[in-house]
Amino acid sequence: MLSLRAAARHNGALRPSLQLFRRSTRHIQTATVTDADIARLAAKPLHPLTLADLCKHGRPPLSQQALLNSANFTLEILPSRLAHRIQSLRALPYIVVANPNVNKIHGNYVHSLSTLLPYAEKKIETLEDEIKFTEVMADLVQTHSNTIAILARGFLEARKYITKDEITRFLDEHLRARIGTRLVAEQHIALHFSSQPHRELADNPHDDAPPSYIGVIDTALKPADIIHSCEHMVGEICELKYGVRPTITIIGDPDATIAHIPMHIEYILTELLKNSFRAVIENGQEKEPIEITIAPAPAAEDAHAMHEKLQKQRATNEEVGVPVGVVSNYDQGSVDHASGSNGPAKAHSANIRPLDKQTPGVTIRIRDRGGGISPENHAKLWEYGFTTFNEDEIMDKVSGGRGGVDALDAISGGAGGGSSLAGLGYGLPLGRAYAEYFGGGIAVQSLWGWGTDVYLSLRGVGSVVD
Ligand code: ADP
Ligand code: MG
């Protein structure tokens, strides 16, 4: 079983590898990106990303040939993805694109495309080229690392010129596409470092990756471990800022494991715990532990059968008898939401079989006594930028007040990371985007005046390799 320390080390392992490369990214070759390049690449059909794609090169350590295949696969799908993002940014109202923050993101995409174009018409056939290409991937991941905070600031500044619905539609597509693009790049970087040709490198940050890992995927991920590390991190923020530290209890099946991406689960759980910790503090209930139940999901076949039943019920407008969202996203599969097609992807799971038949997925229920969510606010939960966060109010509750806080301070704290408990209003919609990316979901049930239940369903991603 994977120790927490090993998991944490591995989760952070990409960062040193990026730094390793950052020194040399100055030498990355670029090519001028023309409008014709963008139009040509964006016209290509997008490859819907599946987890089978990410695992298809085999378990590490990859041979030289498998590593070259991974590089070529990555190269095949990234340029058109970037071109699509550039087009969709350019389709925003002019005054919005002209905002310096939104424009910065546009510039980042053009830069990344310019680093890929030199490879676009050829195959990567030597290790030398593969190393250069991995440097390009590291540059891509690095360049786009601060996107959320920058876009949040941009849309906050430009909100007079664009409706909330338009913002949510754009961000939902953009940020979901970003999840896939980063994943492909990060997967190649991880496979690079754990490949036969490169793993002996003296300062290889991936040399201690546990055997359950295939690149950035952990085939034996234990949600309870991640919950504990998130509890610690969010507890720390609460202690430092407010002098109180809410607690959690885990019940159900804490030993359940699934195959999933630790970075994604960590993001989602951090956001959900931040919300619950803040709610119990604001509600004066920080002594009431937050109850987290881990329940293994039914076998995949049962889930599919249940999903089909749900679809039929929807078609006939019948009431749906299970918490909305818990199994409602099975049709999303491993679709890239940026694929441009609005319909759900089909047949994504045809060649993916559950890695562990006993636990093809888990549902995690986070139950807090934080007072719940008013019906009025409940309707806005999935809007990017919706927040009721007011740090002064929390300070008043726990320690009798403090000076004012600039709203933009909270934003520069970043999404997901940062030392702030809340403020961007991106936690729930982006958390849901991560959960849905591989067929899970998030549903929120509020008992207004008492507390909130959040259901996070995760579908084990399965694998085609052994
Ligand atoms: P943020 O936390 O930055 O405000 P989120 O998207 O995470 O953004 O949450 C949006 C809003 O939903 C919060 O500001 C809060 O009003 C409400 N909310 C979310 N989770 C809870 C919860 N567990 N209890 C009470 N309110 C919640
Ligand atoms: Mg939040």
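Just so it is clear, none of the values below were taken in a lab; they were calculated from the coordinates. In this text the structure is predicted, and so the values were computed from the model without any measurement. Cβ sites come from the backbone with ideal geometry, for glycine too, and all protein chains shown count toward neighbours.
Between amide H atoms placed 1.01 Å from N, distances below 5 Å from Gly451 occur with Gly371, Gly372, all of them 5 or more places distant or on a separate chain.
Could you work out how far the C-alpha centroid of region 137-197 sits from that of region 430-460, in angstrom? A separation of 21 Å, based on Cα centres. Loop-located GluC sites (Glu not before Pro) in region 63-158 (DSSP state not H, G, I, E or B) with no more than 16 neighbouring Cβ atoms inside 10 Å: Glu121, Glu125.
In order along region 379-393, the phi-based Karplus estimate (6.51 cos²θ - 1.76 cosθ + 1.60, θ = phi - 60°) of 3J(HN,Hα) comes to 5, 9, 4, 9, 7, 5, x, 7, 8, 10, 5, 9, 4, 4, 4 Hz; Gly and Pro are listed as x. Each Cα pair under 8 Å and six or more residues apart adds its sequence gap; the mean of these over the residue count of region 154-277 is a relative contact order of 23 percent.
When the pairs Lys44/Lys122; Lys222/Lys274; Lys56/Lys123; Lys287/Lys397; Lys222/Lys287; Lys274/Lys380 are compared against a 25 Å limit on Cα-Cα distance, Lys222/Lys287 fall above it. Estimated at 0.36 nm per residue, the fully extended path between Trp382 and Arg159 surpasses their Cα-Cα distance by 78.6 nm. Under the rule a/c < 1.5 gives rounded, and otherwise a/b versus b/c splits prolate from oblate, where does region 155-299 land using the Cα gyration tensor? Judged from the Cα gyration tensor, region 155-299 comes out oblate (a/c at least 1.5, b/c at or above a/b).
What is the calculated FRET efficiency for Ile251 to Ala31, with r their C-beta to C-beta distance and R₀ = 41 Å, to the nearest 0.05? Using R0 = 41 Å, I get an efficiency of 0.15.
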